[in-house]
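So the structure is just underneath, and the comments pick up after that.
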Amino acid sequence: MASRLHIPTAPYRPGEQPDFSTIKLPKAGELARPDELVAANECSELPFNLLRVLDDNHQATGPWDPQLPAAVLLDGLRYMLLTRLYDERMLRMQRQGKMSFYLKCTGEEAVSVAQCMAVNDGDMLFPTYRQQGLLITRGYPLLDMMCQCLSNAGDKLQGRQLPVMYSSDVHKFFSISGNLGTQFSQAVGWAMAAEYRKTNDIAVAWVGEGTSAEADFHYALTFSSVYRAPVILNVVNNQWAISTHQNVAGGDQNPFAARGIGYGIPGLRVDGNDFLATYAATRWAAQRARTGGGPTLIELYTYRAAPHSTSDDPAKYRPTDEWEHWPLGDPVERLKQHLVALDEWSETDHERMREELEDTVSTIWKEAVSLGTLNEGPHPPDAAMFEHVYKEMPSHLVEQRRQLEGRDERSN
Amino acid sequence: MNAVINLQDDRSERRTAPEGLRPETGSMSMIQALNSAMDVMLEKDPNVVIFGEDVGYFGGVFRCTEGLQQKHGEDRVFDTPIAEGGIVATAIGMGVNGLRPVVEIQFADYIYPAFDQIASELARLRYRSAGQFWSPVTIRTPCGGGIRGGQTHSQTPEALFAHVCGLKTVMPSNPYDAKGLLISAIEDDDPVIFFEPKRLYNGPFDGDPDKPAVSWDNHEKGQVPVGHYRVALGKAETVRAGNDLTILAYGTMVHVALAAAAREGIDAEVIDVRTLAPLDIDTLCESVCRTGRCVIVHEATRHCGYGAELSAQVQEHCFWNLEAPIERVTGWDTPYPHAQEWAYFPGQARVAKALRRTLDA
Ligand SMILES: Cc1ncc(C[n+]2csc(CCOP(=O)(O)OP(=O)(O)O)c2C)c(N)n1
């Protein structure tokens, strides 16, 4: 047989009928849970499997069940729902022209909420633009998030960043970069410093599966393995990188979680729409990192239900109903069903919570727009653009600021 | 985030200095001066860590970090994988977490894999987070030709970095400045790209490859204090006062310019720019406005080279005082060749011609 160039394609394109019965879904609860300090080689089956805790009857099962109290699960449900409602509101407002851009994480809420809840407040988060749930879970004010998206007078980032590129030192949420993947290797450095300083903090970083092709992914795995840095490296495999299917990042060869083995890093492949499995995997990796075991690579297997961003039209490259066929369902719905099955929650409770959270978002939104919008202002002052280029403003920037403000005869 | 961190210093047992690391006298080569700067900073600030390719056990391919791992410990001076992007990225993360990393990129020619981390991340972190996050990384890297390095061991890409706002870009021309500037760079809370002209590592070089090599021993700027001192960033130095014209140069070209002027018997004022960004425009323009003539010399290629910026600024500030066109003497707009190295290198003869043209204009 002659060899041929392999050009991977997406399984389904617009107009085609998605059928995901080919995706092998192992039963929940079947996967063994090794000791956190296991060697990567001794758990090399994990990345080729799929860690699931919630079964088809919405029960938690198996050794990975984190056995969380109902109150904690309810918190998780609340943060996920708030994240979704926040996204919906912001999308509508973007459509109304209040913002230049917006980006949702619909269908992926369990990733950021469960993972955030599974680590400590002192742990440093190095997110992508699709982990707004981290900030919501850490209690960052919605008002500040909205003002950032509006680039208004209340924007803590002084209008410098595209909407959703949040940053909060207080909440240990690293400033989001537009350059994909750069935070992955930076997180390793942060974790190395944590070790050097003998703190017990770890770093947690995320990239999309598309971004796993960037050099920074390799740097992060190499450096974290070499120096055994206490870091959790997450690949969110939401199937799509804009219009490019995960197969084009090599997902049709081996799972992304299996990339760790070659570096001596254990890989966990997790049902990312299963709140409990996502929590349990993260907890395992955090424990490993904190006790000297070094990094873990986690692949969160999920689906990007929303368009890539407001600049994207997925109808051009995938079936519009693909998400409805996605075999792993909706993370919010699945946790809700679990709580209902536990008799801790009901549809009525859920509706009430939804209304309450919608009201909260609406109220805060009104406050946010009262501080201005991108089109109508007020914005942070123009002169603020010269601040923070350096710690102290050098003379040429002082001069340029004067020119901008028209205080210089040469201004134009 | 980078609030003062109280580190328990429990490494004192390991801190016995290897014999003979520091020269007894105040005379140091540029390599020794750089080594001393790092030694002083490792001693002074427990948050300083040093890493790069071959930097730890071996002490660097140019020996700039020799003995530092032995003296300060493996967790403070260590070898890295060969991944320039990874080196800078981890340094950024460490800096965010309170450390003060000093990394070596083995040759400036190999800094490009790290360019994204430098230009998009390191340089802009403070800005994009409105001051919430910043990382005081110093990146040391040997640059420049005249060492038979061919096109992959001879580049001086300073213009690419001086163009990036948020970075400070430095290139010393002698051991005294090298140590003082490196200490300032490490202590600075902004990121600094620190270019080390490797042709000057072991002695001053006036551009004549046929002359026997000289050491720094008898050079005034080879006399270096053993302890801590700073040479301020953002300050040029007038290395020779003169009246006929002003030469702006940095790195190896400072020595070439001095020799060319001496050879022509020209009373040139020679200014060592030292910090390319932020630029000490006042010192430069005060001189050019006085002499009315300006020649700019650098080793890197000409087109969009740093000399273009110098020329533009001199023109903006000194136009009414200029009596001749501003001249640039630079490397040709070709890669740095191997066999034709000395035809490429902007040596004394080319500088001297430009000086003559400028005086005669
Ligand atoms: C270095 C870099 N290259 C390209 C882009 C443009 N870009 C933005 S998002 C994106 C797709 C990323 O996909 P993935 O990593 O899978 O994450 P997802 O958006 O699915 O969460 C691309 C190509 C960029 N921002 N940075």
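Structure notes:
- Working note: Debye formula, equal point scatterers on the alpha-carbon atoms of the protein assembly as shown, no solvent; log10 I(q)/I(0) at q = 0.05, 0.09, 0.10 Å⁻¹ is -0.31, -0.89, -1.04.
- Helix B:348-360 vs. chain B, principal-axis angle (Cα, 0 to 90°, nearest 10): 50 degrees
- Where a label projected 7 Å from the Cα of B:Glu220 along Cα→Cβ would reach, residues of region B:238-260 with amide N under 15 Å: B:238-242, B:255, B:258-259
- When B:Glu158, A:Glu392 are compared by accessible surface with a 1.4 Å probe, the order from highest to lowest is A:Glu392, B:Glu158.
- For peptides A:176-185, A:89-98, A:120-129, sequence by mean Cβ density within 10 Å, most packed first: A:176-185, A:120-129, A:89-98
- Fraction of beta bridges assigned by DSSP in chain B that are antiparallel (%, nearest 5): 15 percent
- Helical content alone sets the calculated 222 nm signal of the protein assembly as shown at -10000 deg cm²/dmol, taking -39,500 (n - 2.57) per DSSP H segment of four or more residues and averaging over every residue.
- FRET E, pair B:Asn243, B:His163, Förster distance 35 Å, beta-carbon r, rounded to 0.05: 0.60
- With all protein chains modelled, accessible area of A:Thr106 [1.4 Å, Å²]: 20 Å²
- Per-residue SASA remark: A:Ser309, around 10 Å² accessible (1.4 Å probe; ligands, DNA and RNA not included).
- With DNA, RNA and ligands ignored, accessible area of B:Asp282 (1.4 Å probe; Å², nearest 10): 120 Å²
- Rounded to 10°, Cα long-axis angle of helix B:281-291 versus longest principal axis of chain B: 20 degrees
- Only protein atoms count toward the accessible area here, which uses a 1.4 Å probe; on chain B, the carbon and sulfur part of that area reaches 51 percent.
- At an R0 of 22 angstrom, the distance between the Cβ atoms of A:Val340 and A:Leu25 translates into a FRET efficiency of 0.50.
- Here region A:272-404 has 47 percent of its accessible surface on carbon and sulfur atoms, given a 1.4 Å probe and all protein chains in place.
- Interface burial for B against A (accessible surface, 1.4 Å probe, total of both chains, Å², rounded to 100): 3800 Å²
- Solvent-accessible area, 1.4 Å probe, carbon plus sulfur percent, for region A:12-109: 45 percent
- What the pair-distance distribution of region A:212-274 shows, using all Cα-Cα distances binned every 10 Å from zero, is 19, 53, 26, 2 percent.
- Given R0 = 22 Å, the distance between the Cβ atoms of B:Ala312 and B:Ala349 translates into a calculated FRET efficiency of 0.25.
- With a cut-off of 13 Å on the backbone N, the residues of region B:242-257 near the modelled label site 7 Å out from B:Ala324 along Cα-Cβ are B:243-248.
- Region B:101-169: trypsin sites (Lys or Arg not before Pro) falling in loop per DSSP and having at most 13 other Cβ within 10 Å: B:Arg148
- Averaged over A:155-162, number of beta-carbon atoms from partner chains that fall within 10 Å: 3
- Accessible surface, 1.4 Å probe, highest first, among residues B:Lys179, B:Lys235, B:Lys353: B:Lys353, B:Lys235, B:Lys179
- Solvent-accessible area per residue, Å², over the protein assembly as shown with all protein chains present [probe radius 1.4 Å]: 39 Å²
- For peptide B:115-126, the mean count of partner chain Cβ atoms within 10 Å of a residue's Cβ comes to 4.
- Here is the result for region B:127-191: no chymotrypsin sites (Phe, Trp or Tyr not before Pro) lie in DSSP coil with at most 13 other C-beta atoms within 10 angstrom of their C-beta.
- Antiparallel %, DSSP beta bridges [both residues in the protein assembly as shown], to 5: 15 percent
The values are calculated or read from the model by the stated rules, or taken from the named source; none is laboratory data. Only a predicted model underlies this, so the values are computations on that prediction, with no experimental measurement involved. FYI the Cβ positions are ideal-geometry reconstructions off the backbone, even for glycines, and counts take in every protein chain you see. Note: accessible area is taken over every heavy atom of the protein model, side chains too, but ligands, DNA and RNA are not part of it. Shrake-Rupley method; radii C 1.70, N 1.55, O 1.52, S 1.80 Å.
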